[in-house]
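Single-structure report; data block below.
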Amino acid sequence: MEKEKKVIIALWGPGGKGKSTTLNLLIELLGGTRRKGDQRIRLTHREKKIAITTYGDDEWQLNKNIKFFDEKSCDIYITATRTKGDTKKVLKKYAKTDIIWIGKNYSDSLHDLINEAQAKELHAFIDLLIDNWDSEAKK
């Protein structure tokens, strides 16, 4: 029996730098509804089930994200995490595969532009993963 492929993407960075905003923009790009606050959502994009959680500020929230991931049984999991501390440890302990760590881009100005650009980059990266899904699974 072939092992089921899962991908975990962690958008990491310090608090207050736009991780949730960027992931909410990504949700909208993938066909979901963008919100201003945090959310946990499951959606389908190009026949792949994707779970996105914008919470990631502490261990308690990340454990709730993991419970959500397990309930939704998706192909791709995307979550926010902090730069250091327990959120990274919790995610590493959960992962049965490599985690793709993506640093949050930020600056003291142009927040909206940076968040939008990074959401588009994440969307393109997800499309690239899906394009190569079957060939990567055979490696």
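The values are calculated or read from the model by the stated rules, or taken from the named source; none is laboratory data. Note that this is a predicted model, so its numbers are computed, not measured. Surface areas here come from the heavy atoms of the whole protein model, side chains and all, with no ligands, DNA or RNA. Shrake-Rupley method; radii C 1.70, N 1.55, O 1.52, S 1.80 Å.
Results, tabulated for the structure shown:
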| read-out | value |
| --- | --- |
| Protein accessible area in the chain, 1.4 Å probe - carbon and sulfur % | 48 percent |
| Tilt relative to the chain, helix 19-29 - C-alpha long axis, 0 to 90 degrees, to 10 | 60 degrees |
| Accessible area (Å², per residue) of the chain, counting only protein heavy atoms and a probe of 1.4 Å | 58 Å² |
| Histogram of C-alpha separations across the range 22-139, 5 Å bin width, % | 2, 10, 20, 24, 22, 14, 5, 1, 0 |
| Helical mean residue ellipticity (222 nm; -39500 (n - 2.57) per DSSP H run of 4+; nearest 500) of the chain | -13500 deg cm²/dmol |
| Quotient of C-alpha Rg and 2.2 N^0.38 Å, computed over the range 95-139 | 1.50 |
| Antiparallel %, DSSP beta bridges [both residues in the chain], to 5 | 25 percent |
